[in-house]
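Some notes on the structure that comes next.
Coordinate-derived values only; no laboratory data. Since the model is a prediction, treat every value here as computed from it, not as a measurement. Every residue, glycine among them, receives a Cβ derived from its backbone with ideal geometry; neighbour counts consider all protein chains shown.
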Amino acid sequence: MELANPCYLIQHPQGKLLWDAGLNDKLVNTPGGVEVMDGAFKMSVKKTLASQLKAINVTSDEISFLAFSHLHKDHTGNAARFSNATWLLQQTEYDFGHSEHAAHSGYNLRDYLHAKGNQTIKLQGDHDVFGDGMVMIISTPGHTAGHQSLLVKLPQTGPVLLSGDLYHFRANREQYGIPVWNDKKSTIHSFTKIDRLLDQTRAQLWIHHDKDQFDALKKAPHFYN
């Protein structure tokens, strides 16, 4: 199965938020990609995050906030590029990501250990990023202990929910499938929470790794407003 791996830039009057930092741009120099987890996944980059930001005239220094759905290596690869950004991360994700168990659980500590120099806001649940309800981090543990999703209320497009790895593809959402590596109880609670939020807001659900959905969405330099 081929999966997508996007990053999202949210531009707000009070600053710019980058949601996830993708696979490391250096992979673009590795034809065919690299195998990880004993060949379970092959990761490759066709278009770098740096080139996509350049196409919309945004520099790494302009990113006010860097938030991750979680700290797995396919979401943190370019984290080191944003040294001025304030990190928004659940306390539980921060703690596990800096523990002795992280390296054996899909985390690449080299991607983010430098962030001790970044200001980091360690969250204890849902968080209103700009204080006006337009960009909301939603705590959705299960895939990891501190997994989170993002609700963005766009003036014309309407609300959009970026689900991170709460689901991996549409069938996973429709069948409520729970990956074997997830915490089952937490995942079920997060499924229920997001179901209620979608009912309340009528938000579009953008599933992070769903390639069919990803292919149908606009890409930089195009945008949603």
Taking other Cβ within 10 Å of each residue's Cβ, how do M43, M1 sort, fewest first? M1, M43
How do D61, D183 rank when sorted from fewest to most other Cβ atoms within 10 Å of their own Cβ? D61, D183
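Classify region 1-143: rounded, prolate or oblate, from the alpha-carbon gyration tensor (a ≥ b ≥ c, eigenvalue square roots; a/c under 1.5 rounded; otherwise prolate if a/b is larger than b/c)?
Oblate, since a/c reaches 1.5 and b/c is not below a/b.
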DSSP-defined antiparallel bridges as percent of all bridges, the chain, nearest 5: 60 percent
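What longest region of the chain stays clear of trypsin sites (Lys or Arg not before Pro) that DSSP places outside H, G, I, E and B and that have at most 11 other Cβ atoms within 10 Å?
47-201
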Using only helices, what value at 222 nm comes out for the chain when you add -39,500 (n - 2.57) per DSSP H run of length 4 or more and divide by the total residues, to the nearest 500 deg cm²/dmol? -5500 deg cm²/dmol
Treating only the Cβ of Lys, Arg, Asp and Glu as charged (+1, +1, -1, -1), what charge dipole size does the chain show about its Cα centre? Round to the nearest 20 debye. 360 debye
Residue-wise HN-Hα coupling along region 76-86, computed from phi with Karplus coefficients 6.51, -1.76, 1.60 (Hz; x: Gly, Pro): 10, x, 10, 4, 5, 6, 10, 6, 8, 7, 7
Count of Lys pairs (Cα-Cα under 16 Å; at least 8 positions apart or interchain) in region 8-216: 13
By how many nm would the segment from Q200 to I121 grow when fully extended, if each residue of separation counts as 0.36 nm and the alpha-carbon distance is taken off? 25.7 nm
Expected output is a single nm value to one decimal: the length gained when fully extending between N29 and F130, i.e. 0.36 nm times separation in residues minus the C-alpha distance. What is it? 32.7 nm
Sort E93, E62 so the one with the fewest other Cβ atoms within 10 Å of its own Cβ comes first. E62, E93
Hey, quick one: spin label on M37, modelled 7 Å out along Cα-Cβ, who in region 193-225 has an amide N within reach, i.e. under 16 Å? 208-211
